[in-house]
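Here's the structure we're looking at; comments come further down.
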Amino acid sequence: MKKKLLSAVMLCTLGLVGCGDDKDPVVEKPKLNSAANILAFLDGKSMVMTGDNIPSHPNGYSEDIDFAASSQCYQKVTMSVAAGNFKVDSIPGTITDGVCNHEQAKNPLTFTSTTVLIENATEDGSCFDVTFTFPGGLVQEGRGGFSADQKKLSLEIFFKNQATGMRCASGAVGAANTVKMADKPFTGNAVQVYAIQ
């Protein structure tokens with residue numbers, strides 16, 4: 001009886017050793033608590049904004065208002081990161097009768113940043129201040145943040161000197177009642193959401 005019990009215990013023990021643990025090993029997420037870590041995480045990746053991830057007021061301006069070359073109606077925006085700079089490929093939509101038609105695409109536009117300044121990142125990367133500078137003096141400034149699973153990047157950015165209260169010190173990305181434009185409360189949605197690929 002003792003031999004049979006010992007054999008059963010040995011078989012179970014060997015079975016456990018042989019099978020191992022079926023659970024996947026825990027992979028530690030990259031720390032996104034500094035400019036260097038954020039840029040290293042994004043380097044070589046593409047980020048895409050389409051559909052419902054396009055806000056009603058990109059850069060603080062309604063997508064339904066025709067500002068000619070500065071209109072904010074988009075079908076798709078793709079950002080790719082290399083060597084600390086962001087290449088932005090945007091496909092504008094078409095504004096017809098005061099409504100942004102996302103499906104009717106216009107000629108693509110491409111811009112590559114000359115500098116990107118990231119500051120004041122939170123420990124989990126859920127908020128950081130960001131300033132993008134592009135050729136020709138175009139500057140976008142505001143705040144950004146990663147989703148908890150690090151699969152999305154949200155950017156709440158505005159053209160330089162057009163808004164206040166859009167930094168992390170004033171609140172999280174998309175926080176209500178923090179942003180002002182022309183000294184008036186900003187009531188639109190300027191949060192651009194990018195799926196990280």
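What follows is calculated from the coordinates using simple rules that are stated; it is not laboratory data. Owing to the predicted nature of the structure, the values given are computational and were not obtained by experimental measurement. Using ideal geometry, Cβ is built from the backbone for each residue, glycine included, and neighbour counts are taken over all protein chains shown.
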Can you give the Rg to Rh ratio of segment 70-197, both from alpha-carbon atoms, with Rh computed by the Kirkwood formula? 0.96
Separation between Cα centres of segment 102-119 and segment 39-63, rounded to whole Å: 9
Taking Cα atoms only, helix 2-19 is inclined relative to the longest principal axis of the chain by an angle, in degrees rounded to 10, of 20
Quickly work out the residue 104-to-residue 40 label distance, labels modelled 7 Å from Cα along the C-beta direction, and quote it in nm with one decimal. 4.8
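Using a cut-off of 15 Å between beta-carbons, work out the net charge of the residues near residue 51 (Lys and Arg +1, Asp and Glu -1, residue 51 not included).
-1
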Below 8 Å between Cα atoms, with a sequence gap of 6+, how large is the relative contact order for the chain in percent? 20
Extension reserve of the residue 115-residue 176 stretch, reckoned as 0.36 nm per residue once the Cα distance is removed: 19.1 nm
Packing-wise, with mean Cβ within 10 Å as the measure, how do 174-185, 92-103, 140-151 rank, highest first? 140-151, 92-103, 174-185
